[in-house]
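K.L.:
Can you keep this structure in mind? I'll have questions shortly.
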Amino acid sequence: EDGIFEAIFAMIGTTNKFYVEFGGEDGIQTNTRYLQKHKGWNGLLMDGGYDNPAMNLHKEFITAENIESLFAKYNVPKEFDLLSIDIDGNDYWAWKAIGNYRPRVVVIEYNAHIAPELSKTIPYDATFSWDKTDYYGASLLALKKLGEEKGYVLLGTDRNGVNAFFVLKELVEHRFTPPPYPKTFHP
């Protein structure tokens, strides 16, 4: 993820170097750690099972109903550079519920066990907890469609088939040539 972020932000620049990441577990292995530790970024980490004030990690269980109130609680700017979503279940629904905030880049976990031509997500359940099976999250195509509805373009995924990277449409034009959708999927 670090290299992908470097490439994206080299093309679009940064505004406030602010990130929000939820689902970062204990804060040690997060998508934003490199940015915070080596690039001078600041932001908010939230996870349903961990709390570490020294890392600005707050114990918060994320739902579609509470995500925007949590952003307000922690003074997240309305526009910021990076949103990272990895809650092993309701990722799609949490992103869909964010309407009053506009990150420039979104990285979100997708379920690579679902074929790339299928647009599927688990039904929303605010209490969902991942049971370590293949039943979680949303397919890449479902996230691509949601991203387009929200004004984002899918640039690609990591080689491990874990995260998808989206950038605001107006930042993509004249900077990136996204690959055809079938080439973005990694199992």
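The values are calculated or read from the model by the stated rules, or taken from the named source; none is laboratory data. Predicted model only: the values in this text are computed from it and were never measured. A quick note on method: Cβ atoms are made from the backbone with ideal geometry, for glycine too, and the neighbour counts reach across all protein chains shown. To get the accessible areas, we keep the full protein, side chains included, count just its heavy atoms, and leave off ligands, DNA and RNA. Shrake-Rupley method; radii C 1.70, N 1.55, O 1.52, S 1.80 Å.
K.L.:
With (1) assigned to a helix (DSSP H, G or I); (2) open to solvent by less than 10 Å² (accessible area, probe 1.4 Å) as the list, and Glu148 as the residue in question, which single condition is left unmet?
P.N.:
Against the list (1) assigned to a helix (DSSP H, G or I); (2) open to solvent by less than 10 Å² (accessible area, probe 1.4 Å), Glu148 comes up short only on (2).
K.L.:
Suppose we filter region 72-96 for residues that are under 18 Å from Lys144 (Cβ atoms) and among the small types (Gly, Ala, Ser); how many remain?
P.N.:
Here the count works out to 2.
K.L.:
Right, here's the next one. Need the failing condition index for Lys39 against (1) closer than 26 Å to Thr127 by Cβ; (2) out of contact with any Leu (no Cβ under 9 Å at 6 or more places or on another chain), just the number.
P.N.:
Going through the list (1) closer than 26 Å to Thr127 by Cβ; (2) out of contact with any Leu (no Cβ under 9 Å at 6 or more places or on another chain), Lys39 breaks only (1).
K.L.:
List every residue pair whose Cβ atoms lie under 6 Å apart, where the two residues are 6 or more positions apart in sequence or sit on different chains, the first residue falls within region 76-103 and is among the small types (Gly, Ala, Ser), and the second residue, located anywhere, is in a helix (DSSP H, G or I).
P.N.:
Ala94/Ile67; Ala97/Ile67
K.L.:
Looking only at region 157-174, count every residue that is open to solvent by 60 Å² or more (accessible area, probe 1.4 Å) and either of a type in the set (Asp, Glu) or touching a residue at least 24 places away in the same chain (Cβ under 8 Å) (or both) and tell me the total.
P.N.:
Residues that pass the stated criteria total 4.
K.L.:
When residues of region 29-55 are filtered for being at pLDDT below 90 and of a type in the set (Phe, Trp, Tyr), how many remain?
P.N.:
The qualifying residues number 1.
K.L.:
When you check Asn16 against the structure, is it in contact with a Pro (Cβ under 9 Å, 6 or more places away or on another chain) and over 22 Å from Ser129 (Cβ atoms), yes or no? Talk me through it step by step, then tell me what you get.
P.N.:
Numbers: in contact with a Pro (Cβ under 9 Å, 6 or more places away or on another chain): yes; over 22 Å from Ser129 (Cβ atoms): yes.
Criteria met by Asn16.
Listed here are the residues, each with its yes/no results for (1) within 13 Å of Trp93 (Cα to Cα); (2) surrounded by 17 or more Cβ atoms within 10 Å (Cβ to Cβ); (3) of a type outside the set (Ser, Thr, Tyr).
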{"site": "Phe128", "(1), (2), (3)": "yes, yes, yes"}
{"site": "Asp134", "(1), (2), (3)": "no, no, yes"}
{"site": "Leu155", "(1), (2), (3)": "no, yes, yes"}
{"site": "Phe176", "(1), (2), (3)": "no, no, yes"}
